[in-house]
Structure formats: C-alpha cells, structure tokens
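The values are calculated or read from the model by the stated rules, or taken from the named source; none is laboratory data. All of these numbers come straight from a predicted model, not from anything done at the bench. When we count neighbours, we look across all protein chains shown, and the Cβ atoms used for this are built from the backbone with ideal geometry, even at glycine. Protein only, heavy atoms only, side chains kept; ligands, DNA and RNA dropped before computing areas. Shrake-Rupley method; radii C 1.70, N 1.55, O 1.52, S 1.80 Å.
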Amino acid sequence: MRIDIFSSKSYDIRFFKAAAAEKSLNLVFHEERLRLSSVKLAEGAQAVCAFVHDDLSASVVAELAELGVRLIALRSAGFNHVDLNAAAESGVVVARVPAYSPHAVAEHTLALMLTLNRKTHRAFNRVREGNFRLEGLLGFDMRGKTTGIVGTGLIGTALARTLIGLGCTVVASDPARSAECEAMGVRYVEIPELLEQSEIISLQCPLTPDTHHLINDAAIERMKPGVMLINTSRGAVVDTQAVIRGLKTGKIGALGLDVYEEESELFFEDLSASYIPDDVFARLLTFPNVLITGHQGFFTTEALQAIAEVTIGNITSFAKTGAPLYPVSLPH
Ligand code: NAI
C-alpha cells in the first residue's frame, strides 16, 4: 500500500520510517503542503497522511477521491481543517490520532505560564548582556492563584493535574465534565464566571462554531485586570484584534500563544531571512508581555513516536479491515 505523507519535515521522516520498519508499506514523503496545486502528487497513493496546515477543503478532498485515495490519515488530534461532508460524499475515510501525548501540550502550556510569570525569556537576554537588574521581572506565586481551564478533555485534565500540584485553585468550563477533574477538586463553572474569577485563563478546547472567537472584546471585558491568557488549542478560538486591544489597555497582563488564527502561512517555516507578511502578528511581537511559540506544544519525542505509531496503526487497520483504529465521523 502506498501512503503519501505531506508537509514532511526531517522529524516526520525519522519517526514514520521507524514506525513502519516492520510493515510492507510504501511511504512517499512530500515536503510540499497538501493543497489544490500539489494534490496531483498523490496520484497512485491509496492513503494520504496530512498535518494541521494541509488543505483538506472540499475541492482537495474531491480531487484525492478522484485520484483513488481512500484514506486521509491525519497526524493530528484536531480535524477542524477537514471537510468531513466532502469526505463522506466521496467515500474517503478520515482517521486521526486522538491522544498522542496530552502531557506534551499540557507541559508546554505550563512552560508558557511560568515563563510569562517569572519572565525568564527576558532574564535570559538580560543576563547574557551583563544586566543583572531585577526591575521588570517581578512575578507572582502560582500557589493560591485561580486558573480557569476552558475544555477539560485529555490536555485540560493533564494541565489541571499539574496546576493543582503547584497549589493553584482550578475552575473549569466544559459541556462534558471530567470525573477525574472533579475528583481532583476542579470546580466547574459557566464561561462568564470562569472569566471573572481567574488570574490565569488557559484554552484547551477544540475549534468549533461554538468556540470560534470565544475570547472576544466582551469576554475580555469580563476578565480580571492584568489577567494572563494562554492559548495552546487553535488560533481562531481567540479574536486576535480584541486581544491586542486588551493588551494595549493593560487588561491583559500577559499573553502566551502556541497557535494563531492565521498561522498556516507562518508556522513551521523559516522566515528569518525574509519578513513577516502578517501585520497583526508583527504587532503582537512588539509587546514584552507576549510570548509566542510556533505550534510546538505537541513536539516531544514521545508524542512524535505515538503520532507515527498510531497513524501507521490507522493505515494498517484500514488496509486489513476497511476501518482505521480511530475514524473521524461527521457530528450527528
Ligand atoms: P479532547 O477532545 O480530549 O478535549 C476537548 C474538550 O473540550 C472536551 O472535553 C470537550 O467537551 C471540550 N469542549 C468542547 N467544546 C467546548 C466549549 N464550547 N467550551 C468548553 N469546552 C469545550 O481534546 P484534547 O486532546 O484535550 O485537545 C484539545 C485541543 O487542543 C484539540 O482540539 C486541538 O485543537 C488542540 N491541540 C493543540 C496542540 C498543540 O500542539 N498546540 C496539539 C494537540 C491538540
């Protein structure tokens, strides 16, 4: 069976080759993103493997079906970028990796919080320049602070565990409560209450029509002055312009992002010798209390290993039984 792996980076090649070592699969790696202009590369493949910035809109899915592709194996948990109706209509099965390492993302989220709080990103530069002054580096104890987690699925639950370990009070909002979180002492509240009570707010929900721009001007208005906001879920859960307004008034005291609404033209590429074409993103970079990472929450050895192994499992199960291990189906 031939599988075409789009948006391949050196680390994808390494982990996928290792995961498929014992299998009789023909892995074809493409550095190109999957999009309408590159979809023809998949001619002859029975499956394609795609990541978060690959284009899986209706026209690309239809073209894949036309070329004979029967399976789209996502190497991500999120599937908001796939036109599931188009896949169902053209008989293409979609699979994903639901839980490769929730700890990877939860720990990265914690790293953003602690860095923004204790300003180690600024201290690093100061000390290297021989500046040992402490003005501007004042932080706060995490212990006793209220952290609001929006979405207590696998990542949100792992994050709650670490925050409780630090002595934070955790409140959460999720239409589906986690018994594990409740047992840890997480208190469930509605979103407005979470926004009003939290010193730190962390977004761990998927991007859906309900969560699109969940953090907008009205939501920011409800927050405590100087709140820390962290988004490691999907960029469009946050209205970036509203957040910039919040930063300018000081209402938002610190912002940590691993995802950005328009990240697909920036992230995973090296633009250091050219320029940043996105003025809104460039504006974000001007704030000293904003810390942005380029969608690296998932980027640990354990997670990459699990992504490759589960994806190969999805593909071999599909080849044997016609069904992947973890199909993505249309919402009812
Ligand atoms: P999950 O499916 O285990 O949990 C998501 C939770 O969000 C569920 O409990 C769900 O009920 C809840 N939720 C849905 N709508 C909500 C709403 N309107 N308000 C509050 N909660 C809501 O997913 P998991 O594995 O915890 O991942 C969460 C998200 O993190 C993914 O959908 C993905 O977008 C993002 N992610 C980011 C990564 C990164 O590298 N930064 C890597 C992996 C995932």
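Structure notes:
- Principal-axis tilt of helix 240-249 within the chain, Cα atoms, nearest 10 degrees: 10
- Counting only DSSP beta bridges with both residues in region 102-292, the antiparallel share comes to about 0 percent.
- Helix axis angle, 10-19 relative to the chain longest principal axis, alpha carbon, degrees: 60
- Between helix 102-118 and the chain there is an angle of about 30 degrees, using the helix long axis and the longest principal axis of the Cα atoms.
- Average projection, convex hull of the Cα set of region 124-235: 8.4 square nanometres.
- As a ratio to 2.2 N^0.38 Å, the alpha-carbon radius of gyration computed for the chain takes the value 1.05.
- Estimated FRET transfer efficiency when R0 is 25 angstrom, pair residue 190-residue 164 (beta carbons, to 0.05): 0.75
- Computed from backbone phi, the HN-Hα couplings of region 274-291 come to 10, 7, 8, x, 9, 5, 5, 4, 4, 5, 4, 5, 7, 8, x, 9, 10, 10 Hz, rounded to whole numbers (Karplus: 6.51 cos²θ - 1.76 cosθ + 1.60, θ = phi - 60°; Gly and Pro given as x).
- Phi angles across region 56-67 convert, under the Karplus curve 6.51 cos²θ - 1.76 cosθ + 1.60 with θ = phi - 60°, into 3J(HN,Hα) values of 10, 6, 3, 5, 5, 4, 4, 5, 4, 4, 4, 6 Hz, Gly and Pro given as x.
- With every protein chain in place, region 102-292: carbon and sulfur % of accessible area (1.4 Å): 54
- Euclidean distance of C-alpha centroids, region 244-278 and region 142-186, integer Å: 26
- Solvent-accessible area of residue 108 with every protein chain in place, 1.4 Å probe, in Å² to the nearest 10: 30
- Per residue, the accessible area of region 89-174 comes to 49 Å² when a 1.4 Å probe rolls over the protein heavy atoms.
- Solvent-accessible surface (1.4 angstrom probe) belonging to residue 9, in square angstrom, nearest 10: 50
- A Förster radius of 35 Å combined with the Cβ-Cβ distance from residue 43 to residue 176 puts the calculated FRET efficiency at roughly 0.25.
- Length available on full extension from residue 125 to residue 282: 0.36 nm per residue minus the Cα-Cα distance, which gives 54.5 nm.
- The share of C-alpha pairs in region 1-110 whose separation exceeds 19 Å stands at 43 percent.
- Across region 102-292, the convex hull enclosing all Cα atoms gives 125 Å³ per residue.
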